[in-house]
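Coordinate-derived values only; no laboratory data. For clarity, every value in this text was computed on a predicted model and none was experimentally measured. Methodologically, a virtual Cβ is constructed for each residue, glycine included, from the backbone with ideal geometry; neighbour enumeration extends over all protein chains shown.
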């Protein structure tokens with residue numbers, strides 16, 4: 001199996017020459033070249049993800065502007081056949097793109113780290129069996145789920161998330177691991193306490209700490225509910241940098257659902273709102289280590305081509321060029337500007 005070579009924790013530390021508590025160099029905050037992640041919507045049985053491989057000429061410039069393609073592990077598993085994935089994973093390698101998964105850690109269907117890991121591991125093993133390589137995993141809101149869905153205290157979330165991370169580290173030592181949490185649903189002080197507690201528990205277990213922390217910002221709350229602000233998000237970015245933890249930010253059209261209910265949303269809404277978020281965060285000097293352009297909505301309705309008006313890849317390409325300064329000049333296939341080693 002190509003993706004999941006099982007090493008003992010001690011051998012991993014010896015091989016890398018790093019402390020287990022120290023994140024890999026490419027995950028640490030403050031990198032001069034930010035990473036750009038693209039996570040397409042999964043509606044229509046994964047039509048957008050499928051089109052990326054079936055029509056590669058329709059998004060050449062976008063590929064030059066990104067580093068990572070991501071997808072949820074359960075959607076990847078149920079939407080695509082072995083034959084499809086076996087044909088697609090080598091293309092990612094030829095394009096010089098890394099592949100990441102969004103994964104559960106604490107969920108109503110997996111209320112302990114061990115249970116969730118046991119359910120998810122076969123899906124990850126399938127990626128390796130079909131020739132893929134997983135670069136990173138982002139845990140989907142374990143603190144939020146513990147509070148909102150299964151009604152467990154924060155200490156429970158810390159313990160079970162730490163145990164989950166330990167299992168992933170043991171079986172997939174080369175994979176970067178990060179956490180996603182929502183803001184302002186989880187207030188800034190709670191987010192900082194959560195990161196501190198989780199990192200401390202991982203260190204106590206002798207497990208390498210988180211490689212990145214990703215924020216899912218419902219920025220409509222800033223004006224509609226007078227909750228949260230981009231300045232607070234910037235404070236969290238600065239905090240993560242001070243802890244050598246890569247700060248990751250999801251860019252998306254947070255106003256789309258409300259406008260859709262009013263019959264006002266379309267693909268232009270997605271494009272304009274995502275770019276607006278980019279401008280608003282840049283206005284407070286925000287500059288994450290990972291720019292993550294992601295849609296979990298049924299939008300935009302078109303993924304390709306990147307030259308079309310308001311398509312998903314057009315948004316990713318233009319956003320990357322404007323805010324991450326990526327893909328500004330023609331780049332040959334296989335040699336992308338700023339690609340991680």
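Quick look at the numbers
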read-out: Dimensionless Rg/Rh of the chain - Kirkwood Rh, Rg from C-alpha atoms; value: 0.94
read-out: Values of log10 I(q)/I(0), in the order q = 0.10 Å⁻¹, for segment 22-159 under a Debye, Cα-only, solvent-free model; value: -0.40
read-out: Overall dimensions of segment 88-228 by Cα: Rg and Dmax, Å; value: 16.0, 49
read-out: Estimated inter-spin distance, residue 118 and residue 82, nm [label 7 Å along Cα→Cβ]; value: 2.5 nm
read-out: Label-point separation, residue 204 to residue 154 (7 Å along Cα→Cβ), nm; value: 1.5 nm
read-out: Segment 209-256: radius of gyration over Cα atoms, expressed as a fraction of 2.2 N^0.38 Å; value: 1.25
read-out: At 1.002 mPa s and 20 °C, Stokes diffusion of segment 189-335 via Kirkwood alpha-carbon radius, µm² per second; value: 127 µm²/s
read-out: Gaussian network model of the chain, springs between alpha carbon atoms under 10 Å - residue of 36, 292, 220 with greatest fluctuation; value: 220
read-out: For the chain, share of DSSP beta bridges that run antiparallel, in % to the nearest 5; value: 5 percent
read-out: Within the chain, helix-based [θ] at 222 nm, where runs of 4 or more DSSP H residues each add -39,500 (n - 2.57), nearest 500; value: -13500 deg cm²/dmol
